[in-house]
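Visitor: Quick one: structure below, then a few questions.
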Amino acid sequence: MSEITSNRTSDQQSQAQSSYRSIALHWWLVLPVAAQVLGAIGAISWLSWYHHRQTAATMGHQLRQETSLRISEYLTYRLSAPRHVVQLMAMDSQTGRVNWRDRRDRERRLIDYFTAMNGAVDNLAYGDRNGEFTAVELSPDLQSRHLQIVDPKTTAGRMQGFWLDPKTAQRTPLNQAPRNAFDPRSRPWYRSALAAGTLTWNPVFPLHVNPQVLALPISQPLRDRQGQVVGVVTSRLYLLALSQFLTQLPIGRSGLAFVMERNGHLIATSAQQSLFRQAQGPKGALNRLRAEEATNPAIRAAAHYLRRSPPVNRPTSNAPIARGSFPPNWDTPAQPQQEFVVATDQGSYLGQVTDIRQPGLDWQLVVLIPERDLQYFSQSQLRAILGVGGFMLVGVIAGGGWIVRRLSRPIQRLVQAAESVAAGNWHNRVPRSPIRELDRLTATFNRTIEQLAQSFQTLAYQAGHDPLTGLPNRHSFLQAITDCLTLHADSSHFQGAILFLDLDDFKWINDSLGHWAGDQLLQLVAEQLQAQLSPDQLLGHFGGDEFAILLPTVPPGDGGKACATRLQATLSQPFNLGGVEAFTRASIGITQIDPNFEPEALLRQAEIALYAAKQRGKCAYVWFSPNMHAQVVAHFQLASDLQRALARGELLLHYQPILVLSNQQIRGFEALMRWHHPQRGSVSPSEFVPIAEETGIIIELGWWALREACQQLQSWRDRYDWCADTVMAVNCSIRQLSVPNFVARVEEILQETGLPASLLALEITESLLLNLSPELRSTLDRLAILGVRWMIDDFGTGYSSLSYLHQLPLFGLKIDRSFIHSFDRQERARTIVAAIVHLGSQLGLQTTAEGVETIASIHLLQQMGCDAVQGFFYSPPTAPATLENWMVAWQQRLQPPRPKPHLTLVHAHGPSQPAHSASTSDRAAQGGAAPEIGPEIGPEIGPEIAPEIGPELERDAHALLPHAVDCSPELEPNAANSERQSPENNGQGDEPKTKTPATNRTLIETINRALHYVAERPDPIDQA
């Protein structure tokens, strides 16, 4: 007993000694931690101070740079609208689209331009050398439009004002006192534009109706087709919007910005103050305020600094722009030039100046940021950091030993629990600890274990279900098909079906209402579809707008038709998307479940059937058939081959000539792409062009075709004189037009090939105008300014608005071949073609008829006034070498004078002179047309073949050319001639024997065929 007691005592003493040694070790462990904390606090304090200085400098520089660039971009955008409309009016004057000398045409065009700009400009005006003036502008309150007219003849030089109705453009005289005589030739914008000879900005001036508003005009001389100046057109911009933009623009916390002219006058400022100062006296006039006179001390200090120290990289010269040219940086935002620091009573400001320079315009943009805005940490904050660090250091030293002792047991428990979880036991939990941090750690650990368990369950669920609709996904759906096949594996009469459903025009919902509305629509569709299915039928969602339905059993002979019809009827009802009614339709592909196929193959068959339903039209359902798979594979193979067709040299261009109807001269050519597949041979463009559009390779093919066509035309221009002014027409895809650098690429190709821009015509389909975006409209305008011609292809077959015909810079219309093919036989087609030709003539657009194949069509088009034609009547689309031979022959037929057709028939026993000779001149004398049918048909027919020319040939000749051929009445019938040549009369008759060799009969047949050819198809050149 005493031994046991001694052992316990020794154990307690050893534990006490061990505990004593442990406490000492804990404290030794705390001291290095305290030293590390102290060092960390010092390092953090120094790094915070240093980082603050670096961050303040960097943020100040970035803030000034970003603010300057945003303001310069806004200025470039605001200044581009009046410049573009002035350039467009000048271009319309040079091309003759607008007759500025005609007062009505001038007023109508100015109203159209002003309406098209939709508020981007505040004024459009025109003045000519005779003192006439016409302007369309916004009222001072910006709520209405006014028309102002000055005519020295009718208004005695005084300005008349009218209010314009925004819908009907009907004018109403304004009730205002008559102003003094107004002469546009004395205005600064008129004189400066004539002096510059090109587009230029004019001096800023206050409005006479509202002196508190500054206006910036831009003007350009207008020239007619002969290059003579007919007047000056101008547009102006109210600068009040610039001040409003600067006021609303956030510049740090309390930064400011202002714009001033080089002479110091303020243009706009973010500080809310007037830009004018009143002269001394109670009724003193308003004068423009200089930046050095501003009430804001920062603006005054910056203006004084810039006056003393101008920017170092400021351009030293402001040379005028050459006539007819434009500076290269019209639309390029100005880059910040110089940073500086100015001091005021309110503190220091970090400034930056940017020069805004265009012809006639020299501004300075100044951005000022107070240094106090960049002070994120003060000295008191730094002292607070040091105080907290010191407190933490004391806490570490004071409680480190106790914390270290209490940490060992909870940490050990956490380690054991973590090892248990690693072994797969998700139910083990750690008991709570009296230490708060450890208690939070244990609670977090326990919650983490619970969340992990729930996450694994959620992942297992999400692996088989769609997160948006909660429906089974593709993996679960395939597993359900497998289970269905396994369940009915022994059934010989098993009939099931798989429906693959896709919403029509679902992308339109996302694009118009947003993806949130699209997700809501998918959820509602899933609910409606699920409500129409029985419990044994499975609905799955594969992402996007694709759904699949598994029908384990279907009635005999139904094949899933009843279910498909029911689902389509359900989806035809409107869906409420946040107060907006949305309508949708569904296309469905159906396949029968065949146990001989794998689930993936069955689902693929349903997808192929859905693809066929999409091709047949919206809201349709189609059953799968084996030939559908072959078609899909062939379509895919053709798309794959098309990707490599250009690199392999399988694509080439054929060209079809376009001829002027008035003189049959070659106006130009249309480039048409052809694909010679190595296995399939010639592939129709109607087959591979939609594939190219779908895959996006149409962009690459379009650039290749454009370059090839330009090179070919330039080659013909170098070789043939008559090709000097011919135009090359190239079709342009909507996807190619949407390329951001489309205009630059076209200009690059023109420079590379040397082809003038005016000889390139790009053809766009009429359906493109239906959804013409502002970006595409800008592309058309920029290319028109470059000189490229625009034509609408297949006109009359789309759904475009006729309003675009006078707004877009179009050159001509191409009448679709579907109207020309039968319009010589159908009155309705002729009426449509005549209307299109008349419309093009009234709008000044060239009209070209495609698909001309008969001379009757040419006659009708000539009568209607069509400008040009193309079609198989002249030449089909052919390779360049073949077309060159045709062009050479065609030009040779056009140039020399052509003899009239002459056919002479001589009697067998008549004199050497012809019995009768008739030509087209005889026919013209009798009142008929005189078609030139080519060279003279043969020599005179001698006596040796005259017996063969009898009543048959005479009758045919009179029927075909009644006024051009007249057979002699002395010719005997063939029967009499036959008697003379019979063996019975051989050598016995009074008349000598006449031979009829086979060559003579062949010649007679050739003449007969020539007569038929001339009557049915006279030469189009001679008919003109």
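Visitor: Quick one: which strands (runs of 3 or more DSSP E) sit completely within region 106-178 and have at least 3 residues that are over 24 Å from Val230 (Cα atoms)?
Guide: Details: elements: 123-128, 133-138, 145-150, 160-164, 171-173.
The qualifying strands (runs of 3 or more DSSP E) are 160-164, 171-173.
Visitor: Right, next: Restricting attention to region 678-723, report how many residues are under 14 Å from Leu653 (Cα atoms), open to solvent by less than 70 Å² (accessible area, probe 1.4 Å) and of a type in the set (Gly, Ala, Ser).
Guide: Going through region 678-723 one residue at a time, the tally reaches 4.
Visitor: Evaluate the following for Leu603: is it open to solvent by less than 10 Å² (accessible area, probe 1.4 Å), touching a residue at least 24 places away in the same chain (Cβ under 8 Å), in contact with a Lys or Arg (Cβ under 9 Å, 6 or more places away or on another chain) and closer than 15 Å to Leu485 by Cβ? Before the answer, list the steps.
Guide: Working: open to solvent by less than 10 Å² (accessible area, probe 1.4 Å): yes; touching a residue at least 24 places away in the same chain (Cβ under 8 Å): yes; in contact with a Lys or Arg (Cβ under 9 Å, 6 or more places away or on another chain): yes; closer than 15 Å to Leu485 by Cβ: yes.
Here the answer is yes, as Leu603 does meet what is asked.
Visitor: In addition: Looking at Tyr461 and the list (1) hydroxyl-bearing (Ser, Thr, Tyr); (2) modelled with pLDDT of 75 or more; (3) open to solvent by less than 30 Å² (accessible area, probe 1.4 Å), which single condition is not satisfied?
Guide: Result: Tyr461 passes all but (3).
Visitor: Still on this structure: Within region 500-509, does at least one residue satisfy the condition of being at pLDDT 90 or above, open to solvent by less than 10 Å² (accessible area, probe 1.4 Å) and touching a Gly at 6+ places or on another chain (Cβ under 6 Å)?
Guide: Checked region 500-509: at least one residue is at pLDDT 90 or above, open to solvent by less than 10 Å² (accessible area, probe 1.4 Å) and touching a Gly at 6+ places or on another chain (Cβ under 6 Å).
Visitor: Is one or more of the residues making up region 219-226 of a type in the set (Lys, Arg), open to solvent by less than 50 Å² (accessible area, probe 1.4 Å) and within 37 Å of the chain's Cα centre (by Cα)? Step through it out loud before you land on a result.
Guide: Let us first name the residues in region 219-226 that are of a type in the set (Lys, Arg), namely 223, 225.
In the following step, the residues that additionally are open to solvent by less than 50 Å² (accessible area, probe 1.4 Å) were identified as none.
No.
Visitor: Then there is this: Looking only at region 64-75, filter to residues that are open to solvent by less than 20 Å² (accessible area, probe 1.4 Å) and among the polar types (S, T, N, Q); which one of those is farthest from Gly252 (Cα to Cα)?
Guide: Restricting attention to region 64-75, the residues satisfying the condition of being open to solvent by less than 20 Å² (accessible area, probe 1.4 Å) are 64, 67-68, 71-72, 75.
Imposing the further condition that a residue be among the polar types (S, T, N, Q) reduces the set to 67-68, 72.
Numbers: Thr67: 9, Ser68: 13, Ser72: 17 Å.
Only one residue tops the list, namely Ser72.
Visitor: Let me ask something additional. Which residues, counting only those in region 785-804, are in contact with a strand residue (DSSP E or B) (Cβ under 7 Å, 6 or more places away or on another chain), assigned to a loop (DSSP other than H, G, I, E, B) and modelled with pLDDT of 80 or more? Talk me through it step by step, then tell me what you get.
Guide: In the first step, residues of region 785-804 are kept if they are in contact with a strand residue (DSSP E or B) (Cβ under 7 Å, 6 or more places away or on another chain); the result is 788-796, 798.
Keeping just the survivors that are assigned to a loop (DSSP other than H, G, I, E, B) gives 788, 796, 798.
Residue satisfying the conditions is Val788 alone.
Visitor: Here is a follow-up. Under 7 Å by Cβ, and 6 or more places apart or on different chains, what pairs join a residue from region 195-208 that is touching a residue at least 12 places away in the same chain (Cβ under 8 Å) with one that is of a type in the set (Lys, Arg) and surrounded by fewer than 18 Cβ atoms within 10 Å (Cβ to Cβ)?
Guide: Close Cβ pairs satisfying both conditions: Gly197/Arg323; Thr198/Arg323.
Visitor: Taking the condition within 26 Å of Ile549 (Cβ to Cβ), surrounded by fewer than 19 Cβ atoms within 10 Å (Cβ to Cβ) and touching a Ser or Thr at 6+ places or on another chain (Cβ under 6 Å), does Lys614 pass? Write out each step before concluding.
Guide: On the way: within 26 Å of Ile549 (Cβ to Cβ): yes; surrounded by fewer than 19 Cβ atoms within 10 Å (Cβ to Cβ): yes; touching a Ser or Thr at 6+ places or on another chain (Cβ under 6 Å): yes.
In short, yes.
Visitor: Contact list please: Cβ distance under 7 Å, first residue in region 724-735 and at negative phi and open to solvent by 10 Å² or more (accessible area, probe 1.4 Å), second residue in a loop (DSSP other than H, G, I, E, B) and modelled with pLDDT under 90, pairs at least six apart or on different chains.
Guide: Arg735/Gly696
Visitor: Still on this structure: Considering region 462-484 alone, what residues qualify as being in a helix (DSSP H, G or I) and within 18 Å of Phe500 (Cα to Cα)? Spell out the reasoning first.
Guide: Step one: list which residues in region 462-484 are in a helix (DSSP H, G or I), which gives 462, 474-484.
If the condition is that a residue be in a helix (DSSP H, G or I) and within 18 Å of Phe500 (Cα to Cα), then Arg474, His475, Ser476, Phe477, Leu478, Gln479, Ala480, Ile481, Thr482, Cys484 are the ones that fit.
Visitor: Which of (1) among the polar types (S, T, N, Q); (2) within 10 Å of Ser235 (Cβ to Cβ); (3) without any contact (Cβ under 8 Å) to a residue 60 or more places away in the chain is the odd one out, the single condition Ser139 does not satisfy?
Guide: (2)
Visitor: Okay, moving on. (1) at pLDDT below 85; (2) surrounded by 18 or more Cβ atoms within 10 Å (Cβ to Cβ); (3) out of contact with any helix residue (DSSP H, G or I) (no Cβ under 6 Å at 6 or more places or on another chain): which one isn't true of Lys814, the others all being true?
Guide: (1)
Visitor: Next up: Can you name every residue in region 89-101 that is open to solvent by 10 Å² or more (accessible area, probe 1.4 Å) and over 21 Å from Gly840 (Cα atoms)?
Guide: Hit for region 89-101 is Arg101, nothing else.
Visitor: Being crowded, with 17+ Cβ neighbours inside 10 Å and more than 20 Å from Gly668 (Cα to Cα) is the filter here; which residues of region 858-884 pass it?
Guide: Selection gives Leu860, Met864.
Visitor: Against the condition more than 21 Å from Ala497 (Cα to Cα), exposed (fewer than 14 other Cβ atoms within 10 Å of the Cβ) and without any contact (Cβ under 8 Å) to a residue 60 or more places away in the chain, how does Ala647 come out, does it pass?
Guide: On the way: more than 21 Å from Ala497 (Cα to Cα): yes; exposed (fewer than 14 other Cβ atoms within 10 Å of the Cβ): yes; without any contact (Cβ under 8 Å) to a residue 60 or more places away in the chain: yes.
Spelling it out, Ala647 is indeed more than 21 Å from Ala497 (Cα to Cα), exposed (fewer than 14 other Cβ atoms within 10 Å of the Cβ) and without any contact (Cβ under 8 Å) to a residue 60 or more places away in the chain.
Visitor: Among the listed residues Gly119, Gly131, identify the single one that is touching a residue at least 40 places away in the same chain (Cβ under 8 Å) and on the phi > 0 side of the Ramachandran plot.
Guide: After ruling out the rest, the residue left standing is Gly131.
Visitor: In region 204-242, which residues are assigned to a loop (DSSP other than H, G, I, E, B), touching a Leu at 6+ places or on another chain (Cβ under 6 Å) and modelled with pLDDT of 85 or more?
Guide: Across region 204-242, the qualifying residues are Val204, Leu239.
Visitor: Okay, next question. Evaluate the following for Tyr50: is it more than 26 Å from Phe258 (Cα to Cα), of a type in the set (Ser, Thr, Tyr), open to solvent by 40 Å² or more (accessible area, probe 1.4 Å) and part of a helix (DSSP H, G or I)? So that I can check it myself, show each step before the final result.
Guide: On the way: more than 26 Å from Phe258 (Cα to Cα): yes; of a type in the set (Ser, Thr, Tyr): yes; open to solvent by 40 Å² or more (accessible area, probe 1.4 Å): yes; part of a helix (DSSP H, G or I): yes.
Taking the combined requirement at face value, the residue satisfies it.
Visitor: Can you pull out every residue in region 430-445 that is at pLDDT 80 or above and open to solvent by 30 Å² or more (accessible area, probe 1.4 Å)?
Guide: Those that are at pLDDT 80 or above and open to solvent by 30 Å² or more (accessible area, probe 1.4 Å): Pro431, Arg440, Leu441, Ala443, Thr444, Phe445.
Visitor: Contact list please: Cβ distance under 6 Å, first residue in region 152-175 and at pLDDT below 80, second residue surrounded by fewer than 15 Cβ atoms within 10 Å (Cβ to Cβ), pairs at least six apart or on different chains.
Guide: Pairs found: Gly157/Ala181.
The values are calculated or read from the model by the stated rules, or taken from the named source; none is laboratory data. Treat the numbers as computed from the prediction; the structure is a model and nothing was measured. All Cβ positions, glycine included, derive from the backbone under ideal geometry; neighbour counts span all protein chains shown. The area values use the complete protein model at the heavy-atom level, side chains included, leaving out ligands, DNA and RNA. Shrake-Rupley method; radii C 1.70, N 1.55, O 1.52, S 1.80 Å.
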